[in-house]
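Note sheet for the following structure.
The values are calculated or read from the model by the stated rules, or taken from the named source; none is laboratory data. All of these numbers come straight from a predicted model, not from anything done at the bench. Reconstructed Cβ throughout: ideal geometry from the backbone, glycine too, with neighbour counts over all protein chains shown. When the accessible area is computed, the model is the full protein with side chains, heavy atoms only, and any ligands, DNA or RNA have been set aside. Shrake-Rupley method; radii C 1.70, N 1.55, O 1.52, S 1.80 Å.
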Amino acid sequence: MNDSEKHNMEEVRLMKGNEAVAHAAIRCGCDGYFGYPITPQSEIMETLMEQEPWNTTGMVVLQAESETSSINMVYGAAGCGKKAMTSSSSPGISLMQEGISYLAGAELPCVIVNVMRGGPGLGTIQPSQADYYQTVKGGGHGDYKMITLAPASVQEMADHTVLAFDLAFKYRVTAMVLADGVIGQMMEKVVLPPFKPRWTENEIRQISPWATLGKPATREPNIINSLRLEASDMEELNLRLQGRYREIENNEVLFEEFSVKDAEYVIVAFGTTARVCQKAVEMARAEGIKAGLLRPITLYPFPTVEISNLANKIKGMLTVEMSAGQMVDDVRLAVNGRIPVEFFGRMGGIVPSPDEVLHALKTKIIHR
Amino acid sequence: MTTNDIINPANLVYAKTKVMNDVPMHYCPGCSHGVVHKIIAEIIEEMDMQEKTIGIAPVGCAVFAYKYLDIDWQQAAHGRAPALATAVKRLLPDRLVFTYQGDGDLAAIGTAETIHAANRGENIAIIFINNGIYGMTGGQMAPTTLEGMKSSTSPNGRTVPLNGHPLDITKLLAQLKGTCYVTRQSVHTIAAVRKAKKAIQKAFENSMDNKGTSVVEIVSTCNAGWKMTPEAANDWMVENMFPAYPLGDLKDL
Ligand SMILES: Cc1ncc(C[n+]2csc(CCOP(=O)(O)OP(=O)(O)O)c2C)c(N)n1
Ligand code: SF4
Ligand SMILES: [Mg+2]
């Protein structure tokens, strides 16, 4: 097999979730990565620097002076119609919020990976899911949404990186891969995607006619901008964004079910927690309890309709998160009081055990 | 002689550059911003770079720079223009990339982005409008506000114990190995405008020759913020700003 054949093939490797993000980014034709080190995701930039993609695909990789700078570099690159990304962990993502809001206002597509750690504050480098609110409810100012993908395996770290770019460009929005420290750090087998060439400038002009590549005499200037001083202009932009968000909600919901068909009780969990809960469901089934698991893969758009439909068929739901309970709000909104919805979670970087989850299911839902 | 005899190409001594749009400017009469815009537009036309230039506009009075120059623009968050320019130039290395920033934008909220872009030697030109005040937000104190100078947040004049020293960021940038050309100019006289234009042209050429970061500070007036007539503002600048921010090249490699 020659090099170019190898190039076009998927490749099976054993690696960390963070490394999978880096390899997937290079392979899917990412043009630029800009980042600032923070545990537990520094391997993303470290892997990129080791791979030196500027010598192969021509991808730019740059260590910025702060997350403020890296998100604004992403804005600059995205404004040129380039596939740009950054990654960080919770405190760094907090620092990026102004930039994220600007990206939304300027309708720029980009990818952000957040490998969440425990907070508030400097917190802990241990895993967490406590940035759910920040990610799906806002975080930055103004009415905007980010497509949010929640990987539960190293494979999904790679797949979601690729998918995030596709969705970001489909809707001109930020797509965030919202992982937790466990997924970032653990090693698993992963099938890496085949190499896709980076877009040429001509392709960019076709795909993103708004990109600032320099103004030919034949067109008006392209201006990347979120400023709308007139209230009516500001509302018009907001209405356009909201229209796009409704489209996303209608078209892009992803979730996975595990023994839900005949279930009387369903656990809702994402990321690492979903893996723990799957084990808890297996244990419950072994005891004769008809339990199931619904794992949202997209946190925004949220599988509201699916959860609402489930509420007509089952007796109760338990939401499990590595937080004080954030996604549970969206589950409750979907259920709208028809059946009991309770929450179980651990904080501070503690991953709940399957035993704890099963116990919570019994005490909070089944024998409430 | 009829009007048409006068409007004759042979009689043309001056024409507005086509890179400048035919729209009224929002700048106060007498403000330096408009003059600097015009010379940038002229240089872009003279260098034949209209199709290859990406400007990065700040947050400040020049936030609308994109309305006035007929080129592609990105409007940055307050202070972040050098970060945007870094990415644009790295991804489009054969383009002319410049930032246009005020003193609050460049030397307060964006200090880190400015210093690090310059220290990395990004092949960009930074045009820095130092008017010693926050024009856009109504005349608050800037990092470059002089000692004793009044602003809405230093109503009795800037004092060092309360506000610290005025920041000569251009001098600081000249110390960095990544800068190739650092100069301080003004646009208060015809002669000064000509010199400032040469300086900006050199900065743009450096960007295209990948020589590193060029910084052109324009010591400017904000007559509205300073609460002076345009003429008085020019005089005040010569008397007070120039001693603190002396004109001339700080570095030219
Ligand atoms: C994050 C953020 N903080 C504050 C502001 C408000 N603001 C807008 S312009 C400005 C100062 C502009 O001053 P300068 O950069 O000197 O530009 P000038 O208007 O004097 O040309 C400030 C503080 C903002 N837009 N964004
Ligand atoms: S406020 Fe000052 S800087 Fe702004 S346009 Fe008026 S004179 Fe110029
Ligand atoms: Mg100013």
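Filtered by the rule that a residue be among the hydrophobic types (A, V, I, L, M, F, W, C) and closer than 30 Å to A:P127 by Cα, region A:180-231 gives A:V182, A:I183, A:M186, A:M187, A:V190, A:V191, A:L192.
Among the residues of region B:196-253, write down those that are in contact with a helix residue (DSSP H, G or I) (Cβ under 7 Å, 6 or more places away or on another chain) and open to solvent by 70 Å² or more (accessible area, probe 1.4 Å). Residue satisfying the conditions is B:T229 alone.
The residues of region B:17-42 include none that are touching a Phe, Trp or Tyr at 6+ places or on another chain (Cβ under 6 Å), more than 16 Å from ligand 3 (Cβ to nearest atom) and open to solvent by less than 10 Å² (accessible area, probe 1.4 Å). Identify the single condition in (1) outside any strand (DSSP E or B); (2) within 25 Å of A:R198 (Cα to Cα); (3) more than 10 Å from every other protein chain (Cβ to nearest Cβ) that A:L122 does not satisfy, given that it satisfies every other one. The single condition A:L122 does not satisfy is (2).
Starting from residues that are in a loop (DSSP other than H, G, I, E, B) and surrounded by fewer than 24 Cβ atoms within 10 Å (Cβ to Cβ), keep the ones in region A:89-107 and report whichever is nearest to the other protein chains (Cβ to nearest Cβ). Out of the qualifying residues, it is A:A106.
With respect to the conditions (1) in a helix (DSSP H, G or I); (2) within 16 Å of ligand 2 (Cβ to nearest atom); (3) more than 13 Å from the chain's Cα centre (by Cα), B:E45 falls short on a single one, namely (2). Looking at region A:1-87, the helices (runs of 4 or more DSSP H) lying wholly inside it that each contain 3 or more residues that are within 21 Å of the chain's Cα centre (by Cα) and touching a residue at least 40 places away in the same chain (Cβ under 8 Å) sit at A:17-27, A:43-51, A:67-79. If the condition is being surrounded by fewer than 24 Cβ atoms within 10 Å (Cβ to Cβ) and within 16 Å of ligand 3 (Cβ to nearest atom), then region B:50-59 contributes only B:V59.
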